[in-house]
Amino acid sequence: MRTYSELILLPTFDERFEYLRLDGEVGEITFGYERYLNQLLYNSGEWKQCRRKVIIRDLGCDLACEGYELNDKILIHHINPITVEDILERNPRVFDLENLICTSHNTHNAIHYGDKSLLVTAPIVRTRNDMCPWKH
């Protein structure tokens, strides 16, 4: 069972991604396929309160990594995927902060489908004249 406490001990974004990666396949049955249940959960007051706590804890950063601030929609990812039964039986891990992390849409998809090409890369560090070959 993976946990948020273990995840944040990993210093880099790439290491955190590898820790979370699920390598799922498109079309694989998940909680998200039960649209009615999905909407009931994510529109509930209990979820909205839990979501706010996660965003505050993670400082609105992708995979809670400083320097990866999310300026667009923030998704809350279940570190250990939840099932329809988890929702119906009110399994505590649905709202457990140890099972939740902030992600971008692309990072979330990369985690589920194992596609690193979806991840945002770190900005290139520029140096003086690095774009002017005649000035080297």
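Arranged from fewest to most other beta-carbon atoms within 10 Å of their beta carbon, Asp62, Asp130, Asp96 become Asp130, Asp96, Asp62. Where Rh is the Kirkwood radius over the Cα pairs of the stretch 4-135, the temperature 25 °C and the viscosity 0.890 mPa s, what D in µm²/s does Stokes-Einstein return? This corresponds to a translational diffusion coefficient of 151 µm²/s. Taking Arg51, Arg126, Arg16 as the candidate residues, the one with maximal mean-square fluctuation in a Gaussian network model of the chain, Cα springs under 10 Å, is Arg126.
Would you mind ranking Tyr113, Tyr68, Tyr36 by Cβ crowding within 10 Å, fewest neighbours first?
Ascending number of Cβ neighbours within 10 Å: Tyr36, Tyr113, Tyr68.
For the stretch 1-108, GluC sites (Glu not before Pro) are listed when DSSP marks them as loop and at most 14 other Cβ atoms sit within 10 Å of their Cβ; the list is Glu25, Glu28, Glu66, Glu89. Using only Cα atoms and rounding to the nearest 10 degrees, what angle (0 to 90) does helix 45-57 make with the longest principal axis of the chain? With both axes taken from Cα atoms, the answer is about 30 degrees. When Rg and the Kirkwood Rh are both derived from Cα coordinates, the Rg/Rh ratio for the stretch 71-125 amounts to 1.08. Length available on full extension from Thr127 to His105: 0.36 nm per residue minus the Cα-Cα distance, which gives 4.8 nm.
Among Asp115, Asp23, sorting on how many other beta-carbon atoms sit within 10 Å of each Cβ, with the fewest leading, yields Asp23, Asp115. Computed about its Cα centre, the charge dipole of the stretch 4-135 is approximately 640 debye, with only Lys, Arg, Asp and Glu carrying charge at their Cβ.
Rounded to the nearest whole Hz, the Karplus-based 3J(HN,Hα) values (6.51 cos²θ - 1.76 cosθ + 1.60, θ = phi - 60°) of the stretch 2-18 follow the sequence 7, 9, 4, 4, 6, 4, 6, 6, 7, x, 10, 4, 4, 5, 5, 4, 4, with x at glycine and proline.
Values quoted throughout were computed directly from the atomic coordinates according to the rules given, and no laboratory measurement underlies them. Predicted model only: the values in this text are computed from it and were never measured. In this analysis, Cβ positions are derived from the backbone assuming ideal geometry, glycine residues included, and neighbour counts consider all displayed protein chains.
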